[in-house]
Amino acid sequence: MTAVSSSQAKGRGFGFFCVLGASVLWGTTGTAATFAPQVSPLAIGAAAMGIGGLLQMLLAVRNISVDRGRLREHWMLVLIGAIAVAIYPLAFYSSMHFAGVTIGTVITIGSAPLLSAIIERIFDGKHLTARWTLGAALGLIGTVFLCVAKARGHADSSVHTSLVQGVLGVVLGLVAGATYALYSWTAHRLMRKGISSGAAMGTTFGLGGLLLIPVLLVNGASLLQSWNNAAVGLYMILVPMFLGYILFGMGLSRVAATTATTLSLIEPVVAAALAVAIVGERLPLLGWIGAALIVCCLYVLVSQPHAQEGETKAQHV
């Protein structure tokens, strides 16, 4: 019994590490996009998630072949996840375009844990633990502080966004958060059905990538206008999206979707830190306090006992 618990704890710890690693990679996207300002958010989103998703499918061909029967059996979950994957990058990068990198990221990632919890409560009947609630509260307060601090920084530097654009950016951020929570849940649900993480993620993201190809064909010409734009696009495809979502899939096979989306709250912290270190932005004290609260949130979640979480360990790649 002790050996099993120890094995589960190690698997869960590895899952935390994978999700955090993916979130750190995702946190670099906003800074990377600043190096190609003339590329539209739709082009960046379609290229990153579209081609990155197709690469995931190619990598997982063997796993998909093995699990094709189960995938056909649960085709509705696959379809819902694929549609969510296709919508997510278009909404996310457009949100950053209209509301700003930090605010768009904070709205998307900050709303995802609550939306994920609602999805799991409705469809899985899952009850939230007091520890998760505490961690999520700390993380959400931290993201609000970070968002307010960055908004003040933009105001001080005379960078103003119109009310309509700001509201549109927030709405798109909520759409992105909902679709992020939805495809995380469908992928985790597929893994709980006995489908390997490689097959679940490869199929979901591959089909989502196919849906994004028309968007890329219409909007992607700017990615080829210069070597710099192409380099940014290639980085987005291979690092945050391809490698990042491989790590995320490995993490989802070991932790619940609510936990994974909450751990992703580290992404805006990374985005803000890179904006300060590379882009030259300034982060007020309130922003640093927000970042510290998010780190506290991660500590609460990482130190959570396995028995409290009640997660079902899925089949691994």
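No lab work stands behind these numbers, since they all come straight from the coordinates. Nothing here was measured: the structure is a model prediction, and the numbers come from that model. Positions of Cβ are generated from backbone atoms using ideal geometry, with glycine treated the same way; all protein chains shown enter the neighbour counts.
Quick rundown of the values:
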| item | result |
| --- | --- |
| Theoretical FRET efficiency, 1/(1+(r/R0)^6), r = Cβ-Cβ of residue 167 and residue 34, R0 30 Å, to 0.05 | 0.80 |
| In nm, spacing of pseudo-spin labels at residue 285 and residue 148 (7 Å Cα→C-beta vector) | 1.4 nm |
| Local electrostatic count, residue 263, Cβ distance below 12 Å [Lys/Arg +1, Asp/Glu -1] | +1 |
| The range 168-306 shape via C-alpha gyration tensor axes, a/c threshold 1.5 | oblate |
| Dimensions (Å) - the range 231-286, Cα atoms, principal axes, largest first | 38, 33, 10 |
| Shape call, the range 40-306: gyration tensor on alpha carbons, a/c limit 1.5 | oblate |
| Directionally averaged projected area (convex hull, Cα atoms, the range 15-81), nm² | 6.1 nm² |
| Pairwise label distance in nanometres, residue 221 with residue 14, each label 7 Å out on the Cα-Cβ vector | 4.8 nm |
| Fully extended contour minus Cα-Cα distance, from residue 276 to residue 137, at 0.36 nm per residue | 47.5 nm |
| Most fluctuating residue given options 186, 105, 129, as computed from a GNM of the chain linking Cα atoms under 10 Å | 129 |
| Separation in nanometres of the label points that stand 7 Å from Cα toward Cβ, at residue 234 and residue 114 | 4.2 nm |
| Span-like helix ranges in the chain, DSSP H, alpha carbon extent 15 angstrom or more, Kyte mean at least 0.5 | 2-26, 75-99, 101-124, 130-156, 163-192, 197-219, 285-302 |
| The chain: relative contact order in percent, alpha carbon pairs under 8 Å with at least 6 residues between | 40 percent |
